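Readers should treat all values here as calculations from the given coordinates under stated rules, not as data from a laboratory. All figures in this text were calculated on a predicted structure; none of them were measured in a lab. Methodologically, a virtual Cβ is constructed for each residue, glycine included, from the backbone with ideal geometry; neighbour enumeration extends over all protein chains shown.
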Amino acid sequence: MQPAEAADTEPDPGALLLARMRASGYVDGSLPASTVSRAMTAAAAADRRLGELTDANGRTILVRGWLDGAAPNPDLHPSGPPKTLRPVANLVWAACLGAAWPDPTASPYPGRHFSRASVIATCVELNADRNTVVTALETTLPTAGLITLNGDRGALGPAAAALPSAIWSQLRRIHERLPKSTEQDRPPEAAPGTELEPSTVRWITADPQAPATEFDENIREIICALETAEGPIRGVDLPMLADPAIRAAVETTLARCGRTLTSVGSHSWITGYQDAVAAALVRNQVGTLQPAERAVLALVLLHTVAIPRARGLNLDDTWASNQPVQMDTLIANRTIKRTVATEALRGLRRAGFVATAKIGGYLPGPALLRLTPTQRNLLWEDLIVLGRPNGYMARRIREQRTTDA
């Protein structure tokens, strides 16, 4: 299942650039100066900044970081805390740091090459589950941009370079506590002790132009909370959004970054991509799901939302559900093998499209709550076409989309 394009309007180039960076972590640095300028001005209004970086492969890329002194505060908005690494993934990240950054006085990025096998051995010696370690090393950390992995050869990733200087200062203070390999860490097919050329981010500065109100600091805090939260934030944690003027300023600032403010129910808020931006990302295959992931997500939505709604349950217009589906149900269609479904579910959980239920099984994840009404409707239409491709409604949907194209 692939979401259809939500709008024909071409988005602002700066907004699209920021959306691409959010979806993929970084972009190629060879972009028009006018586009970068628009993007960095919009980013500055939301406490973010852009920087140029030479990555481990020698390419010039653009990354996002926080302005000095700005970062999410998980204690301010308890109903929607920022997404964080799980304990084992944190351990693996610490082991990668220990292997890639042996000298705390040196520039941390990109550090030394390290071997996958050595990091796994170090974490298993600390009683971490091997399979969970491998998942974190091969998927979770590379997806977050914290490391890059090529076979058995790893290095710190661009997201690590973009960490605030305060974070690196804290890491330097606890450097001796980072897990260290008991063996000499020799990168495969490279001389022992091989180091990468030190590189630092060249941050591009811009004077923020919006929002220019007396509530500027509050607006920035609201946007920071909404953009980093894993799911919706309750209105009681963001009381200033009840003020129409502040809400309008938040929406204006988000729009310049390619984002939009969406209410979830009557008591919570979340952000998502604007319709035109989401359509452009889909056209360019940025941040989209793999075929197996789309197929499994369609089955999850069919069993947790569509079928219960047909029975009179879950009648709101979101993709939230309290009716989990079990793995055996998902693989009842024999065209999807258990191993394929398992791997797809891992990817969907990392992206927030699927969550695990406390009683077992799988539910729609918080990322689906970020869809705008237009995007939610398109997803429903996709499910109708998928479920009965030759039916009357499917034909009408295809005809309408052909007319709108």
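Think of it as helices only: each DSSP H run of n ≥ 4 in the chain is worth -39500 (n - 2.57), and spread over all residues that comes to -12000 deg cm²/dmol at 222 nm. Both radii are taken from the alpha-carbon atoms of segment 87-180; with Rh as the Kirkwood radius, Rg/Rh is 0.93. Taking 309, 388, 202 as the candidate residues, the one with maximal mean-square fluctuation in a Gaussian network model of the chain, Cα springs under 10 Å, is 388.
Counting alpha carbon pairs within less than 8 Å and at least 6 residues apart, what relative contact order, in whole percent, applies to the chain? Normalised by residue count, the contact order of the chain is 21 percent. The calculated pair-distance distribution of the chain uses every alpha carbon pair, bins of 10 angstrom beginning at 0, and gives 4, 20, 29, 27, 16, 4, 0 percent. Could you work out the percent of alpha carbon pairs in segment 245-299 separated by over 13 Å, rounded to a whole number? Distances greater than 13 Å cover 69 percent of the Cα pairs. Taking the centroid of alpha carbons for each part, segment 347-369 and segment 46-83 are 25 Å apart.
Placing pseudo-labels 7 Å out from each Cα toward the beta carbon at residue 240 and residue 205 gives an inter-label distance of 2.5 nm. For the Cα atoms of the chain, what angle does the longest principal axis make with the long axis of helix 291-301, in degrees from 0 to 90, nearest 10? Compared with the principal axis, the helix lies near 50 degrees. Considering only Cα atoms, the convex hull volume of segment 291-404 works out to 118 Å³ per residue. Axis of helix 338-351 versus longest Cα principal axis of the chain: the two differ by about 80°, to the nearest ten degrees. Scan the chain and report its longest stretch carrying no GluC sites (Glu not before Pro) that are both in a DSSP loop and have at most 13 other Cβ atoms within 10 Å. The longest uninterrupted stretch comes out as 215-405.
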